[in-house]
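Here's the structure we're looking at; comments come further down.
The values are calculated or read from the model by the stated rules, or taken from the named source; none is laboratory data. Since we're looking at a predicted model, the values are computed, not measured. Quick reminder, even Gly has a Cβ in these numbers, built from the backbone with ideal geometry, and neighbours come from all protein chains shown. Note: areas computed on protein heavy atoms with side chains; ligands, DNA, RNA excluded. Shrake-Rupley method; radii C 1.70, N 1.55, O 1.52, S 1.80 Å.
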Amino acid sequence: MKHAISFFALVLIGFSCVYAQSISIGPQVAYVKTSDAEKGVLMPAGAVRLNLGSISIEGLVGYKSEEFSDGYIKATSYPIMATAMLRVFPLIHIEAGLGWYNTKLEFSGPFQGFPSSTQSEVGYHAGAGVELELGNLIVTGDIRYVKMGELKDLNSINDLKSDFIAILGGLMFRL
């Protein structure tokens with residue numbers, strides 16, 4: 001009898017995972033505060049999520065522009081993040097992933113001697129989030145800590161750090 005109940009439970013879980021598969025797409029916005037930036041900024045983004053039951057995969061592309069050292073250093077970045085999400089409760093998931101950050105650095109004032117440069121860095125992120133499904137509309141909220149590689153031009157100037165925390169919110173539309 002125990003084996004029959006276990007088998008029935010596994011079959012139900014398997015069917016729920018099959019029918020829970022979906023893909024959704026939508027806008028997101030993040031409040032981003034880089035460790036040594038003057039202030040936090042809003043980062044608009046677009047995301048695609050592939051839901052495979054208790055596991056989801058997300059791709060996100062965003063844009064952010066920040067200032068360092070009293071505005072004399074401007075960093076413009078296009079984060080591209082790939083994130084794996086594991087649902088731990090019906091609405092809550094934990095997440096981890098990789099990001100590629102194409103960053104343009106521009107210098108002025110006392111740092112005018114530094115040439116502008118564009119760099120590509122890899123970063124890692126981890127966090128947690130929630131998803132509230134309302135039919136074909138999904139309201140999302142995530143918090144991520146992003147550990148960046150070293151931006152070489154920023155390291156030579158007062159050891160500025162480029163790690164950041166992102167608080168994301170968005171709407172996803174199930175296709």
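Here are a few things to note about the model shown:
- Residue match in region 123-142 (condition: within 10 Å of the chain's Cα centre (by Cα), open to solvent by less than 80 Å² (accessible area, probe 1.4 Å), modelled with pLDDT of 85 or more and of a type in the set (Gly, Ala, Ser)): yes
- The C-beta contact set for region 105-121 (first residue without any contact (Cβ under 8 Å) to a residue 12 or more places away in the chain and small (Gly, Ala, Ser), second residue part of a strand (DSSP E or B) and surrounded by 13 or more Cβ atoms within 10 Å (Cβ to Cβ), distance under 8 angstrom, 6+ apart or interchain) comprises 113/107.
- All positions within region 93-103 that are open to solvent by 20 Å² or more (accessible area, probe 1.4 Å) and farther than 16 Å from residue 145 by Cα: 102
- Residue in region 82-92 that is open to solvent by 50 Å² or more (accessible area, probe 1.4 Å), over 17 Å from residue 32 (Cα atoms) and over 19 Å from the mean Cα position of the chain (by Cα) present: yes
- Residue check: residue 54 meets all listed conditions (1) farther than 15 Å from residue 30 by Cβ; (2) open to solvent by less than 50 Å² (accessible area, probe 1.4 Å) but one, namely (2).
- The condition of being over 15 Å from residue 148 (Cα atoms) and either in contact (Cβ under 8 Å) with a residue 12 or more places away in the chain or surrounded by 19 or more Cβ atoms within 10 Å (Cβ to Cβ) (or both) holds for only one of 63, 78, that being 63.
- Spans of strands (runs of 3 or more DSSP E) in region 36-112 with at least 3 residues of a type outside the set (Ser, Thr, Tyr) and at pLDDT below 95: 41-52, 64-68, 73-87, 92-107
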